[in-house]
């Protein structure tokens, strides 16, 4: 699988990445064996970039990912994790995590973007994964913590980068405007953009993508299926968009895009994966994967050939913006 380098760093990512939130029991439980098989099949498929976070399953994702990766040469893969949510003992557990993961809530998340919090978070991640280092570290969802993130979290990560402890630093969010500020105003190398630059939504062309181009920095695109509406060849009537029921107008638009895809011998999810990678600042698309079957499907979709004429036809039909770079 081809790789792309995060600008201004030595960190190289495979164009397709493994998003490990799902193996942290996102929404429902999966077995240790299923999680292990998913990571193993991703490796067999050529994926060498793996993204996780303490938030994902209250550390379960990090533990499971590290357990599998310890069998592979450390120099042959890239791991990113995140800071901003410290895991601390939960004094009042209810028995079940209330933030979307099917795990016990013996721990709880505590927002902390301070220098001490960042250092403690990284140490805990290394202990859970069993890794000797993290290649990329993102400040996780600092929407309401901008000042502490730029005053403490990013400078702390920059110090670690200068010491060679971390290869690249940045921020990951579901919005593009603040990510543009991270690229313009801080020492961030890369941002993880969730949604906002997909077949259905290209608002990032107004802020974070121009910022990346102007600053010579990079973007990792996640959420390219927009919570599911683009994950199947045809969006169903109960399709989700941004974690909610998709409005009828968006379902119709997705169906129109699917029509054009079929005319070109491809399908909606294959085009959804390929589209962000056409932008010169996007170095990777990372997809959430919870099973070996899902990994194989995603690798097949990534490797399928999307005809170049598809993009011009979508643009001519007004289905993607005219200023979106095409392959």
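The values are calculated or read from the model by the stated rules, or taken from the named source; none is laboratory data. Just so it is clear, the structure is predicted and the values come from calculations on it, not from any experiment. Note: ideal-geometry Cβ built from the backbone for every residue, glycine included; neighbour counts use all protein chains shown.
In the range 283-305, what residues are modelled with pLDDT of 95 or more and over 19 Å from residue 195 (Cα atoms)? Spell out the reasoning first.
Residues of the range 283-305 modelled with pLDDT of 95 or more: 283-304.
Across the range 283-305, the qualifying residues are 290, 291, 292, 293, 294, 295, 296, 297, 299, 300, 303, 304.
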- Message: Give me the residue from the range 43-69 that is more than 20 Å from residue 124 (Cα to Cα) and within 15 Å of the chain's Cα centre (by Cα) and, out of that set, surrounded by the most Cβ atoms within 10 Å (Cβ to Cβ).
- Response: 49
- Message: Residue under question is residue 201, and the condition is that it be at pLDDT 95 or above and more than 30 Å from residue 306 (Cα to Cα); does it hold?
- Response: no
- Item | Qualifying position, being touching a helix residue (DSSP H, G or I) at 6+ places or on another chain (Cβ under 6 Å) and either closer than 24 Å to residue 273 by Cα or buried (at least 23 other Cβ atoms within 10 Å of the Cβ) (or both), among 187, 180, 168, 149 | 180
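For the condition within 30 Å of residue 299 (Cα to Cα) and either in contact with a strand residue (DSSP E or B) (Cβ under 6 Å, 6 or more places away or on another chain) or free of Cβ contacts under 8 Å to residues at least 60 places away in the same chain (or both), what is the one hit in 200, 209, 205, 157?
Selected residue: 200, the only one of 200, 209, 205, 157 that is within 30 Å of residue 299 (Cα to Cα) and either in contact with a strand residue (DSSP E or B) (Cβ under 6 Å, 6 or more places away or on another chain) or free of Cβ contacts under 8 Å to residues at least 60 places away in the same chain (or both).
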- Item | Check on residue 297, free of Cβ contacts under 8 Å to residues at least 24 places away in the same chain and closer than 29 Å to residue 11 by Cβ | yes
- Please specify each residue of the range 252-266 satisfying the condition of being closer than 12 Å to residue 199 by Cα and free of Cβ contacts under 8 Å to residues at least 60 places away in the same chain. 254, 255, 258, 261
- Query: Is it true that residue 225 is at pLDDT below 95, within 17 Å of the chain's Cα centre (by Cα) and buried (at least 18 other Cβ atoms within 10 Å of the Cβ)?
  - Reply: no
- Which condition breaks for residue 276 when tested against (1) more than 23 Å from residue 36 (Cα to Cα); (2) assigned to a helix (DSSP H, G or I); (3) out of contact with any strand residue (DSSP E or B) (no Cβ under 8 Å at 6 or more places or on another chain)? (3)
- When residues of the range 244-273 are filtered for being closer than 27 Å to residue 1 by Cβ and not in a helix (DSSP H, G or I), how many remain? 4
- Message: Could you go through the range 67-74 and let me know if any residue there is free of Cβ contacts under 8 Å to residues at least 60 places away in the same chain and not in a loop (DSSP other than H, G, I, E, B).
- Response: yes
- Task: Filter the range 11-38 down to residues that are out of contact with any strand residue (DSSP E or B) (no Cβ under 7 Å at 6 or more places or on another chain) and not in a loop (DSSP other than H, G, I, E, B) and give me whichever is farthest from residue 172 (Cα to Cα).
- Result: 33
- Name the single residue, out of those in the range 287-315 being more than 14 Å from residue 274 (Cβ to Cβ) and not in a helix (DSSP H, G or I), that is farthest from the chain's Cα centre (by Cα). 291
- Are any of the residues in the range 136-146 crowded, with 18+ Cβ neighbours inside 10 Å, farther than 26 Å from residue 226 by Cα and in contact with a helix residue (DSSP H, G or I) (Cβ under 7 Å, 6 or more places away or on another chain)? no
- Query: Considering the range 75-86 alone, what residues qualify as being surrounded by fewer than 22 Cβ atoms within 10 Å (Cβ to Cβ) and assigned to a loop (DSSP other than H, G, I, E, B)?
  - Reply: 77
- Task: Taking only the range 206-222 into account, find how many residues are farther than 10 Å from residue 183 by Cβ and surrounded by fewer than 18 Cβ atoms within 10 Å (Cβ to Cβ).
- Result: 1
